[in-house]
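The values are calculated or read from the model by the stated rules, or taken from the named source; none is laboratory data. Since this is a predicted model, take the numbers as computed values, not measurements. Virtual Cβ from ideal backbone geometry, glycine too; neighbours counted across all protein chains shown. These accessible areas exclude ligands, DNA and RNA; they are computed on the full protein's heavy atoms, side chains included. Shrake-Rupley method; radii C 1.70, N 1.55, O 1.52, S 1.80 Å.
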Amino acid sequence: GCNPLAETGRSKLQNQRAVLNQQILRAVRMRAGAENLLRATTNNKVREQVLLELSFVNSDLQILKEELEGLNISVEVYQSTEETFSIPLVPLGLKETKEVDFTLPLKDFILEHYSEDSSEYEDEIADLMDLRQACRTPSRDEAGIEMLMSYFLQLGYVENRFFPPTRHMGVLFTWYDSFTGVPVCQQNLLIEKSSILFNIGALYTQIGTRCNRQTQAGLEKAVDAFQRAAGVLSYLKETFTHTPSYDMSPAMLNVLVKMMLAQAQECVFEQIGLPGIRNEFFTLVNMTQEAAKVGEVYMLVNTAMNQEPVKENIPYSWSKLAQIKSDHYKALAHYFIATILCDHELQSGDDEDQQEKALSQLYDHMPEGLMVLTVLKDKVQRKQLGKAHLRQAIVYHEEALRVCGLCKKLRNIDVLQEVLTAAHKRSLLKYAQQETEDDFLSLIQAPDILPKTEHKIETIAPQFSKVKVKDFFHRLGPLTVFSAKQRWTAPRTIHIHREAGKLGFSLKGGSPVQIYCLDPVCSAASMGLKEGDYIVSVGGMDCKWLGVNEVLEKFQSMGEQPIEIEVIS
């Protein structure tokens, strides 16, 4: 992982998040204590003091949660370091956790369950704890993603090796909610696995926001990162359905997936416009629909953010930013179609049918009394409809600026104000360039624009198979047999004496091999060997991973001397 003491902007934010989590935890505990005292006491004077204390604690808690929201909207820290004139994208902060000591629980389990000397596995336990510690400060790149994924896959091995379904191991995992700062403590490994998945998704969002949006390669990488973030969060929602942490509830994850896909769609729009938008009929038709599509997806995100039960815990500034982006891109769509109508009169060499078809695809219905072909041919109608779209664009621009001005956190993001103001001025200038004498004669309403995209954005499922991970506790034996849910006897030592060169039994299976067709009167059977026993060592050498042929070779290498084997039932 990264150096946790490095004074980068992102590490400072994560450190602030950790401090806030502790302060919120203290305030929540004080509130719980005060509420318990309130329920227990009947003394009016005590009740008054407790109610006063409660009001202070609740007020303090509200301030802390507002500070946490401030961290969640500190988007400038996560953006690309290149000079850019783009609306910031929103990343997710990493969930914070407390340290976990696996040493004693795992060593006890190895001794009790696997009947092995647990001191021989101290290095493997230390490797597991080092990997977990590194995962608290992953680097913001593919190496960081791979490290988190390798720990997630390693947890699958650990769960099968050490966490039986019938009892708890005594390992307490504590993770803090990304939005409320409230901790969740459980002995269940599922909270660890789901939180790591959340952080994989969060790290993808941070990679996406860091990309240079002034280059095609940067935008492609951003689109991919947001699609992968959505894929991981979607996988989390479908796989871990009863997570106790609010930021990983199905309703919240559903909103976060929508938000990441919307940001990917926004980057696609920027990709199309990056080389410059030609003032040409069919190019502008395409840009109109793409802008309308971005406006639509952000409108759906904003609607989802304002639904119960998500509404109370989603950062207020996030829902306002989604609303601003929805209005901004709808305004752009109206501006582009107005440019088509005001700047491109039908010329004798133009393909009339193609233009009519392209323009008709932008509308569900035309204003009363207007037809697409007539609008294309009639200069007055073109101007009227173009100006109607410009008026609608200005309305959307002004609404976006109004909402931005009302939100304290967004008001302080300079580049957001600059982008919204520049777009608003451009529409006003375009409107001022049109003839104004007929404005009061035909104030027609601009029709809604149908959103459409040629670049479908979908989630990309996490590709765990690409990350190669070796089980730290490989030496315990094949997982199909040596797992926490299997029960067996302690190893028994059997001395085998060959009789007429024969062992008195056969071997079968993969690794470890099993005793098969045991002769009940042979010397091995009389020493306690049973049908179906697994051989775990031959002559003091571990053979849990050996197949039938390899074990037989070991037998043959010992010649006629007695063979010492260890077996388990």
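Looking only at region 446-486, filter to residues that are among the hydrophobic types (A, V, I, L, M, F, W, C) and not in a loop (DSSP other than H, G, I, E, B); which one of those is surrounded by the fewest Cβ atoms within 10 Å (Cβ to Cβ)?
Of everything passing the filter in region 446-486, PHE464 is surrounded by the fewest Cβ atoms within 10 Å (Cβ to Cβ).
Is there any pair linking a residue in region 56-79 that is closer than 15 Å to VAL90 by Cα and among the aliphatic types (A, V, I, L, M) to one that is modelled with pLDDT under 65 and surrounded by fewer than 19 Cβ atoms within 10 Å (Cβ to Cβ), with Cβ under 7 Å and at least six apart or on different chains, and which?
VAL77/GLY9
Got a number for residues in region 274-287 being free of Cβ contacts under 8 Å to residues at least 40 places away in the same chain and over 16 Å from HIS334 (Cα atoms)?
Here the count works out to 3.
Those residues that are out of contact with any Lys or Arg (no Cβ under 9 Å at 6 or more places or on another chain), open to solvent by less than 10 Å² (accessible area, probe 1.4 Å) and modelled with pLDDT of 85 or more, I need them from region 511-564; list them, please.
Across region 511-564, the qualifying residues are VAL513, VAL551.
Among the candidates ILE314, ILE277, which residue alone is open to solvent by 20 Å² or more (accessible area, probe 1.4 Å) and part of a loop (DSSP other than H, G, I, E, B)?
ILE277
Residue-wise test of (1) farther than 27 Å from VAL19 by Cβ; (2) surrounded by 22 or more Cβ atoms within 10 Å (Cβ to Cβ); (3) modelled with pLDDT under 90.
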residue	(1), (2), (3)
MET147	no, no, no
LEU155	yes, no, no
ALA202	no, yes, no
THR205	no, yes, no
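I need the full set of residues from region 152-189 which are farther than 17 Å from LYS95 by Cα and among the hydroxyl-bearing types (Ser, Thr, Tyr), in order please.
TYR157, THR166
For LEU443, all conditions in the list (1) closer than 30 Å to ALA262 by Cα; (2) of a type in the set (A, V, I, L, M, F, W, C); (3) open to solvent by 60 Å² or more (accessible area, probe 1.4 Å) hold save one; what is the number of the exception?
(1)
I'm told THR489 meets every condition in (1) surrounded by 14 or more Cβ atoms within 10 Å (Cβ to Cβ); (2) in a loop (DSSP other than H, G, I, E, B); (3) among the β-branched types (Val, Ile, Thr) except one. Can you identify the failing condition by its number?
Of (1) surrounded by 14 or more Cβ atoms within 10 Å (Cβ to Cβ); (2) in a loop (DSSP other than H, G, I, E, B); (3) among the β-branched types (Val, Ile, Thr), only one is false for THR489: (1).
Can you list residue pairs whose Cβ atoms sit under 7 Å apart, with the first residue in region 403-423 being of a type in the set (Lys, Arg) and the second being assigned to a helix (DSSP H, G or I) and surrounded by fewer than 18 Cβ atoms within 10 Å (Cβ to Cβ)? Count only pairs 6 or more apart in sequence or on different chains.
Cβ pairs passing all conditions: LYS409/GLY70; ARG411/GLY405.
Going by the conditions given, is ILE340 in a helix (DSSP H, G or I) and at pLDDT below 90?
yes
For ARG213, work out the one condition from (1) in a loop (DSSP other than H, G, I, E, B); (2) surrounded by fewer than 18 Cβ atoms within 10 Å (Cβ to Cβ) it doesn't fulfil.
So the condition that ARG213 fails would be (2).
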